[in-house]
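Notes for the one structure printed next.
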Amino acid sequence: MINTEIIRKDFPMLDNKKMAGKPLVYLDNSATTFKPNRVIDAINDFYHNYTSNIHRGEYELSQKADNAYDSVRGIVGRLINCSEKEVIFTSGATNSLNIVAYSYGLQNLKEGDEILLTLAEHASNVLPWFDVAKRTGAVINYIPLDEEGRLTPEGLKSVISEKTKIVAFASVTNVLGFIADVKELCRIAHQYGAIAVVDGAQSTAHIKTDVKDWDCDFLAFSAHKMCGPSGVGVLYGKKEILDAMVPFTYGGGSNARFEADGTVILKDAPEKFESGTPDMEGVIGLGAAVKYISSVGLDNIYEHEKQLRDYVVRKIKELGNVEIYNEHGDTGIIALNVKDIFAQDAASYIGSQGIAVRSGNHCAKMLHNVIGVTETIRASFYFYNTYEDADRLVEALKNCTIENCIGIFF
Amino acid sequence: MILREILLDHYEYPHNHKLTDSPDFREAHMASESCIDDIRVQAKIEDGVIEDIRFDGRACTISTASTSMMTDLVKGKTIEQAKEIMDNYFAMIDGREFDETILDEAIALQGVSKQANRIKCATIGWHGLEKLIAESEEDNDGK
């Protein structure tokens, strides 16, 4: 059980902030989350007390930075159940997925090979594959989703073949918030000799991740969606796959030595993928964030989100003027529209009531083929949201008439 | 009518809201400014006069109403007159001084200047017109 009254004290952004003159209700957690003091303090501590470059200095300050930075691999490893050698720090889930596409994909795909995606994927798990397909002659196909927009093992089974080399999908989708059966999907992919690439941007902070149990080959996620800083993320890859991959960015830190004749000796994974001075304070902040959400407990987080979602969905349905596109979603994400009102107009009105929600297509630009609309409002709850937050949203939706949407401009 | 009714009216019953296949019209497809609005503006510009102008597409209240008002304001005007209207409109949306008498009903959109995240909505159709005028001027320079 989560006591939001206590939890909220950890977050400066939840301390009596106002928006449009009203107490702020933040329901855009799928876009980014607020940061607890422990994360902010960890980053400040690096700036205030031990700023130095990692893996380069023989002096005490630099060793302190080395230890702080390197220890985060283990912290992340314990969160997702992998070895620290399998944790690559990146600039975020987008960067992580691009590494998979351009390092693994370009190296291993050839003409006629198939990449399987879904129409619910975020741009960052689609566009790199479009480009890699173009360069290699591989083809992209889509796993059919069920009538609610859910990715199922049956859907994958209906299209996968020996030609399939990559199956890439989100463990939790970013508009509909369905949890995929990652373990079963990976098992099916492996049965056909394909690798499974999991976009965990919307799942790592919301449900338990166990890459060993899932048996996924890659997992990508971002720190800022899990109470950590922006600009940093993780790519998990199975050790043997990482060892066989060559990086697609080069520079300092990733190599042991190089010579004028072009000889380069790369370091082992994960270092060979981390050229250049990394986002050190970001990684340290990520470590603090992982510790923080682990202390709250992912089971508790999931349970809280689920209870809030069930409550708010029930309340919204009573209104009658709102269409929900993922009534049976699994996480704190609710996709909806106020009937006959353009999503952006409604979101502006809701914003004028102090409530932050997102409108648009949420970078899942192919999803309209499934849900039949291009724009939705997305309200996304997290463990620090309360029933009062839910009530405020319901109230704003109730009053969301076209007159009120226009009224904000006068 | 009070201003908010004017705005609502232009949204619910937009003027000049029908595209044409006529080859006499130029078209600007405005879809890259944001991932939400997607409109087309068409204008028939001859001898420096905007003889006809139309639009359609997927758009919010502000995009629809602002483009509808724009078509009313510039239809039948010379390019020079249209430019003066545009300058004043953009000034209003930027929160700068402008001539109210020139903008007629479009002053209903003055409040958008205080909602920074909706300025793109209030200008998308107008930028379409700007593009069409620039293209027509380039063509004439080439002649």
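Observations on the model:
- Helix axis angle, A:182-191 relative to chain A longest principal axis, alpha carbon, degrees: 40
- Pairwise FRET efficiency - residue B:78 versus residue A:161, Cβ, R0 = 56 Å, nearest 0.05: 0.30
- Modelled spin labels at residue A:319 and residue A:20, positioned 7 Å past Cα toward Cβ, are 1.2 nm from each other.
- Taking each residue as 0.36 nm, the span from residue A:264 to residue A:212 lengthens on full extension beyond its C-alpha to C-alpha distance by 15.5 nm.
- Stokes-Einstein diffusion coefficient of region A:40-295, Kirkwood radius over Cα pairs, 20 °C, 1.002 mPa s, in µm²/s: 114
- Taking a ≥ b ≥ c as the square roots of the eigenvalues of the alpha-carbon gyration tensor, region A:1-131 is classed oblate because a/c is 1.5 or more while a/b is no larger than b/c.
- Cα→Cβ-extended label distance, 7 Å offset, between residue A:60 and residue B:20, nm: 8.2
- For region A:297-407, the relative contact order works out to 32 percent when only alpha carbon pairs closer than 8 Å and six or more residues apart are counted.
- Mean accessible surface per residue for chain B, computed with a 1.4 Å probe while every protein chain stays in place, in Å²: 49
- Backbone N within region A:305-322 under 15 Å of label point (7 Å from residue A:398 Cα along the Cβ vector): A:312-322
- Taking 25 Å as the straight-line reach from the Cα of residue B:18, the lysines in range (excluding those fewer than 8 positions away in the same chain) are A:339, B:44, B:75, B:77, B:83, B:120, B:131.
- Take the accessible area of A alone and of B alone, subtract that of the pair with a 1.4 Å probe, and the total buried over both chains is about 1800 Å².
- Residue ranges A:186-195, B:60-69 sort as B:60-69, A:186-195 when ordered by packing (mean number of other C-beta atoms within 10 Å per residue, highest first).
- Two-site FRET efficiency, residue A:40 against residue A:3, from Cβ-Cβ distance with R₀ of 30 Å, rounded to 0.05: 0.90
- Calculated on the alpha-carbon coordinates, the convex hull of the protein assembly as shown measures out at 199 cubic angstrom per residue.
- With every protein chain in place, the protein assembly as shown: carbon and sulfur % of accessible area (1.4 Å): 48
- Remark on region B:1-43: accessible area falls by at least 30 square angstrom from chain-alone to full-complex state for B:4, B:7, B:8, B:11, B:35, B:36, probe 1.4 angstrom.
- Reach of residue A:85 by Cα under 13 Å, taken over aspartates and glutamates that are not fewer than 8 positions away in the same chain: A:70, A:240, A:243, A:268, A:271, A:274
- Computed accessible area, residue A:13, all protein chains, 1.4 angstrom probe, square angstrom: 80
- Global geometry of region A:121-161, whether rounded, prolate or oblate, following the gyration tensor of its Cα atoms and the 1.5 cut on a/c: oblate
- Here's the list of aspartates and glutamates a cross-link from residue A:22 could span, going by alpha-carbon distance under 14 Å and ignoring same-chain residues fewer than 8 apart: A:388, A:389, A:395.
- Computed on region B:57-130, with alpha-carbon pairs under 8 angstrom and 6+ residues apart, the relative contact order is 41 percent.
- About its Cα centre, the dipole of chain A is roughly 360 debye, where the only charges are +1 on Lys and Arg Cβ and -1 on Asp and Glu Cβ.
- Residues whose amide H comes within less than 5 Å of that of residue A:164, counting only those at least five positions distant or on another chain, are A:114 (H built at 1.01 Å from N in the peptide plane).
- Mean ellipticity per residue at 222 nm, deg cm²/dmol - from DSSP H runs of n ≥ 4 across chain A, formula -39500 (n - 2.57): -11000 deg cm²/dmol
- Sequence of A:375, A:303, A:162 when ordered by accessible area, the most exposed leading, probe 1.4 angstrom: A:162, A:303, A:375
- Across A:291/A:365; A:163/A:272; A:64/A:272, pairs whose alpha-carbon gap is larger than 24 Å: A:291/A:365; A:163/A:272
- Shielding value for A:397-403 is 1, the average number of Cβ atoms from other chains within 10 Å of each residue's Cβ.
- Mean accessible surface per residue for region A:256-410, computed with a 1.4 Å probe while every protein chain stays in place, in Å²: 38
- Summing charges over neighbours of residue A:362, with a neighbour being any other residue whose Cβ is under 14 Å away from its Cβ, gives 0 when K and R count +1 and D and E count -1.
- Two-site FRET efficiency, residue A:240 against residue A:183, from Cβ-Cβ distance with R₀ of 25 Å, rounded to 0.05: 0.80
- Start at zero, step by 5 Å, and the Cα-Cα distances of region B:3-142 spread as 2, 11, 22, 25, 22, 13, 5, 1, 0 percent across the bins.
- With Cα atoms, 0 to 90° folded angle of helix A:127-136 axis to chain A main axis: 40
- In the calculated pair-distance distribution of region A:297-407, the portion above 25 angstrom amounts to 18 percent of the Cα-Cα pairs.
The values are calculated or read from the model by the stated rules, or taken from the named source; none is laboratory data. Computed from a prediction, not measured in an experiment: that's the story for all the values here. Quick reminder, even Gly has a Cβ in these numbers, built from the backbone with ideal geometry, and neighbours come from all protein chains shown. Accessible surface is based on the protein model in full, side chains and every heavy atom, while ligands, DNA and RNA are left aside. Shrake-Rupley method; radii C 1.70, N 1.55, O 1.52, S 1.80 Å.
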